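Peer 1: Just passing along the structure, written as structure tokens.
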Amino acid sequence: MSCSSADGGAAPDGPEVEVAVVSDSEIAPEVIDMVDGAPSVDVSSAFQLDGATMSELDEAANEAIAGDAGVLLYAGGTNDLPSGPALMLEGLTSRLRSYSAERCVVVAVPVFRYEAGTEAEVAERTAGTRVLEEAVADAGATVVSYLDVSRSMAAEGEDFFAEGELGDLHPGQAAHARIAEAIGAGIDVAVAASVDGCGTD
């Protein structure tokens, strides 16, 4: 997985960046394996708990921040929505500000299933997702947009979402490779923007 050069070409692979993963079910174990399989990424630890709230991820996140990994790959907050979107957003952004003060942080931002339509219709239906992405970026993290991945797949006639009861929120297996690719690109962005290359320099 190589960073992009200024002219848009691929720069040579550099040193491995060490990544710690802390996630609810939004980053599937298969996706973590794909990310770890990239040439310049070493997933040194992974804590993934289906149905986890942010408080249930806190211990693992704090351990990751205290460790040697240069990048924290994080997904959390979805299971805190029953407490209300405002409280969820406040809890997420406060955590990300703290994490990003110590490490490069890459966040997978989920998307709820939406009906395909015109650009304006899709924008209206996914406005909340874009607000969440902006808040994550403002908190100092690099965004991996599941909305962008899903729209790219839809344009090619593919379905991002899983089947079954939780399919309105969770990616299906068909999306795993695309998500891993987007996460890799997000890690590249974080490394390129970091003064110390997220610990690789």
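Peer 1: Order these by the 10 Å Cβ neighbour count, fewest first: LEU92, LEU87, LEU73.
Peer 2: LEU87, LEU92, LEU73
Peer 1: Given Cβ point charges of +1 (Lys, Arg) and -1 (Asp, Glu) and nothing else, what value in debye, to the nearest 20, does the dipole of the chain about its Cα centre take?
Peer 2: Dipole magnitude for the chain comes out near 380 debye.
Peer 1: Also: Can you list the HN-Hα couplings for the stretch 58-74, worked out from phi with the Karplus curve (6.51, -1.76, 1.60; θ = phi - 60°), rounded to whole Hz and with x for Gly and Pro?
Peer 2: Along the stretch 58-74, the couplings run 4, 4, 5, 5, 5, 5, 5, 5, 6, x, 9, 5, x, 10, 9, 9, 10 Hz.
Peer 1: Mind checking which of ILE183, VAL71, THR93 is farthest towards the positive end of the stretch 50-201's charge dipole, using Cβ charges of +1 (Lys, Arg) and -1 (Asp, Glu) about the Cα centre?
Peer 2: Of the options given, the answer is THR93.
Peer 1: Would you mind calculating the relative contact order of the chain from Cα pairs under 8 angstrom and at least 6 residues apart, reporting the percent as a whole number?
Peer 2: 23
Peer 1: 7 Å from Cα along Cα→Cβ at both ARG97 and GLU158: what's the point-to-point distance in nm?
Peer 2: Once both label points are built, they end up 3.8 nm from each other.
Peer 1: Just to be sure I understand: of the beta bridges DSSP finds with both ends in the chain, what percent are antiparallel, rounded to 5?
Peer 2: Approximately 10 percent, going by the DSSP bridge assignments.
Peer 1: A follow-up question, please. Taking the number of other C-beta atoms within 10 Å as the exposure measure, put CYS104, CYS198 in order starting with the fewest.
Peer 2: Listing CYS104, CYS198 from fewest to most nearby Cβ atoms yields CYS198, CYS104.
Peer 1: Another question, then. Taking neighbour Cβ counts within 10 Å as the exposure measure, how do SER45, SER23 sort from fewest upward?
Peer 2: With the sparsest Cβ surroundings first, the list reads SER45, SER23.
A short reminder: the numbers here are calculations on the coordinates, not readings from a lab. Please read all numbers here as calculations on a predicted model, not as lab measurements. Every residue, glycine among them, receives a Cβ derived from its backbone with ideal geometry; neighbour counts consider all protein chains shown.
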